[in-house]
Amino acid sequence: MSDAIRDTTARRVRHFVDAGYLDAGPVEAAVEGAVYRLGDGTLAKVWEHRRGSELRRMQGFYADAAAHLPFGAPEILAVEDIDGVPMTVERELTGEPLAGRIRTDDPDEVLPEAVDCLVGVLRALADAHVDEVKHLPVLDEERPLWEGHATFGSALADLVDRRVSRCADRLSMHVRDFDDTRARLLRKLRSLPRTDEAVVHGDVFPETVLVDDDLRPLALVDYGFLSTAGDPRFDAAVAAAIFPAGTEHAPEITRQLTTRFADEFGYAVDDLLLYRAAYAMATSDAFAPGGGDDHFAWCVTVLEDPAVAESLHR
């Protein structure tokens, strides 16, 4: 932790203590900012790349999602600010991250219950239709993803085009035939037909799914990074790839999960590979401007996957 982050954390904790939250303290950061446990069953989440107006829209989405999902979803109790940075006060959800209950060091030892849990979460999202989520921006952008678009594929293609231009030079050094891959990806996304629009979480993986002792989903957390309305195949594609990310047998586990999700929901494998490539391009520099970090390396691995490359060339 850098001195600047340490100082900011200490200052914010003092702010919470002075406000009467005597047991306040930092917890592991979420994708879009720092999280602090306030000690009274609530959390404070500081959003580094959101405005208060966006968070109030998200507050409406959270409320709608909670009414449509069979497990817990975040609830924003208040939108405030701390040192001029937007902050939400949210109810703390219970459960243990699924990540702590699974093994991914052996493709034959991934618990069937863990995969069943993911299937249940993906099915619930696919069945949830919440209008408010369509008005949310994604990543660190300010305008809603859907602004000016009639289909999810078109909106996603423009997002990829905007984002990948920021680190195209670096990607072209690591991804073979990058310009051709990019052009094929954008063309395929824009040609996708309109589908029923469900809630897309955007980052379903074992850290964001909270479970009980029997690996049943209790809550899904960390909405906001890529949360929108769209094709539920997107969440399935991403979940299959990031479930085992960074482990020795990740490619084999990803193949198994891709097959399972395709069979379970009747999805075409090529559509899952297309959305996986879109996620990799759109988020390649999400955590480090211009790319170059571990997530960038993972995105390169996705784009270099022979199955993805072959799918884009069909």
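So the values come out like this:
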| item | result |
| --- | --- |
| Single residue of region 274-302 satisfying the filter (in contact (Cβ under 8 Å) with a residue 40 or more places away in the chain and polar (S, T, N, Q)) that is nearest to ARG190 (Cα to Cα) | THR283 |
| Unique match (being open to solvent by 50 Å² or more (accessible area, probe 1.4 Å), modelled with pLDDT under 95 and in contact with a Leu (Cβ under 9 Å, 6 or more places away or on another chain)) among PHE225, PHE205 | PHE205 |
| Region 161-182, residues that are open to solvent by 50 Å² or more (accessible area, probe 1.4 Å), under 19 Å from ASP140 (Cβ atoms) and not polar (S, T, N, Q) | ASP161, ARG162, ARG166, ARG170 |
| Options ALA128, ALA157, ALA78, ALA124; residue that is of a type in the set (Gly, Ala, Ser), open to solvent by less than 20 Å² (accessible area, probe 1.4 Å) and in contact with a strand residue (DSSP E or B) (Cβ under 6 Å, 6 or more places away or on another chain) | ALA128 |
| Hey, PHE61 part of a helix (DSSP H, G or I), open to solvent by less than 20 Å² (accessible area, probe 1.4 Å) and free of Cβ contacts under 8 Å to residues at least 60 places away in the same chain or not | no |
| Subset of region 303-314 (residues that are surrounded by fewer than 22 Cβ atoms within 10 Å (Cβ to Cβ), over 11 Å from HIS174 (Cβ atoms) and in contact (Cβ under 8 Å) with a residue 24 or more places away in the chain) | ASP305, ALA307, ALA309, SER311, LEU312, HIS313, ARG314 |
| Subset of region 81-99 [open to solvent by 60 Å² or more (accessible area, probe 1.4 Å) and not charged (D, E, K, R)] | GLY84, THR94 |
| Residues (open to solvent by less than 20 Å² (accessible area, probe 1.4 Å), within 17 Å of VAL200 (Cβ to Cβ) and of a type in the set (Gly, Ala, Ser)) located in region 237-292 | ALA237, ALA239, ALA240, ALA241, ALA277, ALA278, ALA280, ALA282 |
| Residue within region 142-156 that is assigned to a loop (DSSP other than H, G, I, E, B), farther than 22 Å from LEU273 by Cα, of a type in the set (D, E, K, R) and in contact with a helix residue (DSSP H, G or I) (Cβ under 9 Å, 6 or more places away or on another chain) present | yes |
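The values are calculated or read from the model by the stated rules, or taken from the named source; none is laboratory data. Since the structure is predicted, the reported quantities are computational estimates derived from the model, not experimental observations. Glycine also receives a Cβ, built like all others from the backbone with ideal geometry; neighbour counts cover every protein chain displayed. Calculation scope for accessible area: heavy atoms of the full protein, side chains included, ligands and nucleic acids excluded. Shrake-Rupley method; radii C 1.70, N 1.55, O 1.52, S 1.80 Å.
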